[in-house]
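See structure below.
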Amino acid sequence: MRILIALAAALMVTGATTAQAVAPAALAAPDINVANVRAHLNQFQSIANANGGNRAHGRPGYLASINWVKSKLDAAGFTTRVQSFTYNGATGYNLIADYPGGDLNNVVMLGGHLDSVRSGPGINDNGTGSASILEVALQMKATNFQPTKHVRFGWWGAEELGLRGSRAYVASLSATEKSRIKAYLNFDMTGSPNPGYFVYDGADNQPSGSVALQQRLQAGFTSIGVQTELIKVGGRSDHAAFALENIATGGTFTGAEQTKTAAQARKWGGTAGQAFDRCYHRSCDTTANVNATALDRNADVIAYALWATAA
């Protein structure tokens, strides 16, 4: 599904007999092909299958996941680096990828955690967010997107053990480097099998600018006819490390262990009285545990938000 972003500006000349106006320009965020996102999820499943059934911190499946994502981004011309950290006696890894160009003093960052729990392959949590931002990144190159702002992506390690990777990344930045990041968008679980359509509540003790990100994500869903609800995520995901440094944050979420209400089932479909993700943190969180429609809608909204924020 294609989303159009209307970018309009008007130049008014006061004290003159004429006024010049810059005509509105339409910039299309790319239609993210959900088949491509699902192909990435199949790769994460294959990696888990070959490495003890999971992609957890300190396990070979996690490093294999990092290396595979890095290879895709390197081939697309991103500048990538792997940052290591230590937690619980094991080495963890973050992958940072910078898209060429844009104002380095005005950075828009997207991220999601790449690790799973030890009990399963973590395909919805959080293969879905990881695969979606990967495909959005690849489409930046494929469409020759030339944003005004600098765009950076992060895939975080050891989120499941207390947001360790994103905390390590933010702690490694100087005060000047932190000040350059103007927005961080987080995508953690975007294909739950009994999905809701939640947007992070920007007014929930979040830094200035978070409400604007919330509204942009809501607008993306509105443009494709999907109702949303705001959710107070608090410190449950990787945006928290950025929010603590007064960086505006936002994100989307399709639900975890909480139960879908009857009102939500009427609004979104699915099954009332059942968890949004009945396989949350379980071995059944496989490629069979993903709702393709929710995955598609969220991927398109991610592109919408990025193009609108960075263009």
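For the reader, a short list of remarks on this structure follows.
- Residue that is surrounded by the fewest Cβ atoms within 10 Å (Cβ to Cβ) [pool: residues in region 197-220 that are over 24 Å from Arg152 (Cα atoms) and not aliphatic (A, V, I, L, M)]: Asn205
- Residue within region 246-258 that is of a type in the set (Ser, Thr, Tyr), more than 18 Å from Gly154 (Cβ to Cβ) and buried (at least 22 other Cβ atoms within 10 Å of the Cβ) present: yes
Residues are listed down the side, and each one gets a yes or a no for (1) surrounded by 24 or more Cβ atoms within 10 Å (Cβ to Cβ); (2) touching a residue at least 12 places away in the same chain (Cβ under 8 Å):
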residue	(1), (2)
Asn88	no, yes
Gly92	yes, yes
Pro100	no, yes
Leu110	yes, yes
Leu114	yes, yes
Gly122	yes, yes
Asn126	yes, yes
Val136	yes, yes
Asn144	no, no
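- Ile96 part of a helix (DSSP H, G or I) and in contact (Cβ under 8 Å) with a residue 12 or more places away in the chain: no
- The listed residue being modelled with pLDDT of 95 or more, buried (at least 17 other Cβ atoms within 10 Å of the Cβ), more than 18 Å from Met109 (Cα to Cα) and among the polar types (S, T, N, Q), out of Asn186, Asn194: Asn194
- Any hit, region 166-181, residues being of a type outside the set (Asp, Glu), modelled with pLDDT of 95 or more and surrounded by 24 or more Cβ atoms within 10 Å (Cβ to Cβ): yes
- Listed by first and then second residue, the pairs with beta-carbon distance under 7 Å, at least 6 apart or on different chains, first residue in region 221-235 and surrounded by 14 or more Cβ atoms within 10 Å (Cβ to Cβ), second β-branched (Val, Ile, Thr) and part of a loop (DSSP other than H, G, I, E, B), are Phe221/Thr228.
The values are calculated or read from the model by the stated rules, or taken from the named source; none is laboratory data. Since the model is a prediction, treat every value here as computed from it, not as a measurement. Neighbour counts are summed over all protein chains in view; Cβ atoms, including those assigned to glycine, are modelled from backbone coordinates with ideal geometry.
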